[in-house]
1. From the list Asp97, Asp79, pick out the single residue that is closer than 15 Å to Thr190 by Cβ and open to solvent by 60 Å² or more (accessible area, probe 1.4 Å).
2. Taking the options Thr84, Thr88, name whichever one is in a strand (DSSP E or B) and over 12 Å from the mean Cα position of the chain (by Cα).
3. Of the numbered conditions (1) at pLDDT below 90; (2) not in a helix (DSSP H, G or I), Ala109 fails exactly one; give the number of that condition.
4. In segment 65-76, which residue that is open to solvent by 40 Å² or more (accessible area, probe 1.4 Å) and in contact with a Leu (Cβ under 7 Å, 6 or more places away or on another chain) is farthest from His44 (Cα to Cα)?
5. Determine which member of the set Leu162, Leu180 is surrounded by 11 or more Cβ atoms within 10 Å (Cβ to Cβ) and at pLDDT 90 or above.
6. Being at pLDDT 80 or above and either of a type in the set (Lys, Arg) or within 19 Å of Val166 (Cβ to Cβ) (or both) is the filter here; which residues of segment 2-12 pass it?
7. Tell me whether segment 26-33 contains one or more residues that are open to solvent by 70 Å² or more (accessible area, probe 1.4 Å), in contact (Cβ under 8 Å) with a residue 40 or more places away in the chain and not in a loop (DSSP other than H, G, I, E, B).
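The values are calculated or read from the model by the stated rules, or taken from the named source; none is laboratory data. Given the structure is predicted, the values throughout are model-derived calculations rather than measurements. With ideal geometry, Cβ positions are generated from the backbone for all residues, glycine too; neighbour counts draw on all protein chains shown. In case anyone asks, the SASA skips ligands and DNA or RNA and just uses the protein heavy atoms, side chains included. Shrake-Rupley method; radii C 1.70, N 1.55, O 1.52, S 1.80 Å.
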Amino acid sequence: MAKTGTTTQGLRTAIERSGYYPALVAEAVEAAVGGERISSYLVHQETTFDANEVRRHVTVLVLTAHRFIVSHTDEQAADSSSPTPYATTSTESVKLDRISSVVVSRVVANPESYKPGTLPREVVLTIGWGAVSRIDLEPAACGDPNCEADHGYTGNTTADDLSLRVSEAGDGPDTVRQALAFAQSLSEATAAAAATGR
């Protein structure tokens, strides 16, 4: 489930609709937002199956005039550190001029007959701001198939701070539209921040 919009009350309503510890999630997000006006938000709740356990996770993305705020809340089963189930929630606030990439990957069925405006089957929103990077290395080689020399390693670095996947089949078409709307708002805001240097 994902919801997007532009008001503080709308954000609280979307968090409550997710049904996932709404008081805890709303308090953490509202504390991070402070008194800033909300430009756009996206609330995405997902359920995963881990062995014989069902785990829920909610991600809340908020865009203000100067910041991008991301909140994650996870539930945990009782374990050796806690005799009762518990939840962890975290928020991170990122200045818009720190966002280095906003990647929107779209999966489209029957691309040969695609018409502009057709809703993608799946959207993956990846946002990078330099907090987490992934390095993929592999042995380097030359063009000689008989060469046995050590050419070191080659690879690439990928910013991978946040990746959020929504699909029409799993989340519904409205969720896909909302993810695209938030991605567009974030892209526009980061472009404006880069142009003005704020």
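1. Working: Asp79 fails: closer than 15 Å to Thr190 by Cβ.
Only one candidate qualifies: Asp97.
2. Within the list Thr84, Thr88, the selection yields Thr88.
3. The one condition Ala109 does not meet is (1).
4. Checked segment 65-76; the qualifying residue farthest from His44 (Cα to Cα) is His66.
5. From the options Leu162, Leu180, the qualifying one is Leu180.
6. Gly10, Leu11, Arg12
7. Yes: one or more hits.
Listed here are the residues, each with its yes/no results for (1) more than 16 Å from Thr8 (Cβ to Cβ); (2) within 17 Å of the chain's Cα centre (by Cα); (3) acidic (Asp, Glu); (4) not in a helix (DSSP H, G or I).
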| residue | (1), (2), (3), (4) |
| --- | --- |
| Leu42 | no, yes, no, yes |
| Gln45 | yes, yes, no, yes |
| Phe49 | yes, no, no, yes |
| Arg55 | yes, no, no, yes |
| Leu61 | no, yes, no, yes |
